[in-house]
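Okay, so here's the structure we're looking at.
The values are calculated or read from the model by the stated rules, or taken from the named source; none is laboratory data. Quick caveat, the model's predicted, so the values are computed rather than measured. Reconstructed Cβ throughout: ideal geometry from the backbone, glycine too, with neighbour counts over all protein chains shown.
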Amino acid sequence: MFSATSTFSARERHAPPGGERGEEGFTLIELVVVMALTTVVLGAMLTLLFNSQQIQAGDAEWAQVMQEGRAGLSRMTRELRQASKITTHEAGTVEFLATIGGTEWKIRYECGVEQPGTGTLKYHECVRRAVEKSTGTLPSSGTPIVRDVLDPTNVFKYFKGASETAEPEKMNVVTLRIALPASGTLKQANYKADEHKTILLENAAYMRNCNLEEAGKARVC
């Protein structure tokens with residue numbers, strides 16, 4: 001009988017088919033390198049995600065500021081166009097008589113009202129107070145129409161045609177200008193990229209009722 005003694009080592013005897021030698025595992029250096037690369041990739045992904053959230057929050061603030069500001073400005077402009085007489089004409093306040101829905105109203109827009117709860121940076125709001133003319137006295141409080149106003153002393157300007165005037169009997173055009181913070185005030189996701197930028201909304205109201213002829217005379221405000 002013949003016998004044969006193998007001269008292969010235990011590692012070689014258990015080698016996989018094809019003659020390839022098995023792996024014994026990763027070295028410590030390889031693990032450290034892989035972990036470092038993974039950390040870098042995850043950090044980059046998280047940074048991108050955070051920036052995307054900030055941009056989305058900023059877009060949401062921008063859209064909200066624009067929507068609310070335009071709605072308030074549109075209402076003020078629409079009612080001023082119905083004015084038949086201006087009784088108070090200041091840069092931050094206008095008071096006038098207007099016939100709306102068949103009823104004559106006394107309406108006052110005051111944009112210098114300090115807005116509560118805005119922190120160190122003070123914002124103002126345009127508040128609407130209204131009463132039927134037959135009732136008489138305006139209420140002491142009103143409804144905020146535009147919030148977060150930055151420059152309440154430069155909202156209304158008064159014109160006769162294209163020329164600015166301070167004489168109420170000649171006024172037939174009022175321009176409106178509202179400055180609002182572009183970043184809004186909700187600060188979603190701590191968004192501050194546009195904190196010092198502003199949105200300017202502008203419109204003009206031609207008071208057509210001031211130019212109606214009444215009893216052979218021009219009806220003026």
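Only residues that are under 27 Å from residue 210 (Cα atoms), hydroxyl-bearing (Ser, Thr, Tyr) and buried (at least 16 other Cβ atoms within 10 Å of the Cβ): list them for segment 92-141, please.
Hits for segment 92-141 are 93, 109.
Of all residues in segment 148-181 being in a strand (DSSP E or B), of a type outside the set (A, V, I, L, M, F, W, C) and modelled with pLDDT under 90, which is farthest from residue 78 (Cα to Cα)? Show your work before the answer.
Step one: of segment 148-181, the residues in a strand (DSSP E or B) are 148-149, 156-160, 163-164, 173-181.
Checking the rest, the ones that are also of a type outside the set (A, V, I, L, M, F, W, C) come to 148, 157-158, 160, 163-164, 175, 177, 181.
Retained after the next criterion (residues that are modelled with pLDDT under 90): 148, 181.
Details: 148: 21, 181: 24 Å.
Here the residue is 181.
Could you list, in sequence order, all residues of segment 162-177 that are within 12 Å of residue 204 (Cβ to Cβ) and either in contact (Cβ under 8 Å) with a residue 12 or more places away in the chain or crowded, with 19+ Cβ neighbours inside 10 Å (or both)?
Just the residues of segment 162-177 that are within 12 Å of residue 204 (Cβ to Cβ), to begin with: 162, 172-177.
172, 173, 174, 175, 176, 177, listed by residue number.
Could you list all residues from segment 129-147 that are modelled with pLDDT of 95 or more and either hydroxyl-bearing (Ser, Thr, Tyr) or on the phi > 0 side of the Ramachandran plot (or both)?
Scanning segment 129-147 gives no hits.
I need a count of the residues in segment 128-146 that are out of contact with any Cys (no Cβ under 8 Å at 6 or more places or on another chain) and either among the β-branched types (Val, Ile, Thr) or within 16 Å of residue 77 (Cα to Cα) (or both). It would help to see each step written out before you state the result.
Taking segment 128-146 first, the residues out of contact with any Cys (no Cβ under 8 Å at 6 or more places or on another chain) are 128-143.
Right, trim to either among the β-branched types (Val, Ile, Thr) or within 16 Å of residue 77 (Cα to Cα) (or both) and you get 128-131, 135, 137, 143.
Residues meeting the conditions: 7.
Which condition number in (1) among the small types (Gly, Ala, Ser); (2) part of a strand (DSSP E or B); (3) at positive phi is the one that residue 84 fails?
(3)
Hey, does segment 183-200 have a residue that's in contact with a Cys (Cβ under 7 Å, 6 or more places away or on another chain), at pLDDT 85 or above and not polar (S, T, N, Q)? Please lay out each step first, then the result.
Residues of segment 183-200 in contact with a Cys (Cβ under 7 Å, 6 or more places away or on another chain): none.
Within segment 183-200, not a single residue is in contact with a Cys (Cβ under 7 Å, 6 or more places away or on another chain), at pLDDT 85 or above and not polar (S, T, N, Q).
Could you list, in sequence order, all residues of segment 99-121 that are in contact with an Asp or Glu (Cβ under 6 Å, 6 or more places away or on another chain) and assigned to a loop (DSSP other than H, G, I, E, B)?
115
Quick test for you: out of 63, 71, 36, pick the one residue that is modelled with pLDDT of 80 or more, in a helix (DSSP H, G or I), under 30 Å from residue 179 (Cα atoms) and of a type outside the set (D, E, K, R).
Values: 63 fails: modelled with pLDDT of 80 or more; 36 fails: under 30 Å from residue 179 (Cα atoms).
Going through 63, 71, 36 in turn, the sole match is 71.
Return the residue satisfying two criteria in turn: it lies in segment 122-158 and is hydrophobic (A, V, I, L, M, F, W, C) and touching a residue at least 60 places away in the same chain (Cβ under 8 Å), and of such residues it is nearest to residue 62 (Cα to Cα).
First, pick out the residues of segment 122-158 that are hydrophobic (A, V, I, L, M, F, W, C): 126-127, 130-131, 138, 145-146, 149-150, 155-156.
From what's left, touching a residue at least 60 places away in the same chain (Cβ under 8 Å): 145-146, 155-156.
Values: 145: 18, 146: 15, 155: 21, 156: 24 Å.
Selected residue: 146.
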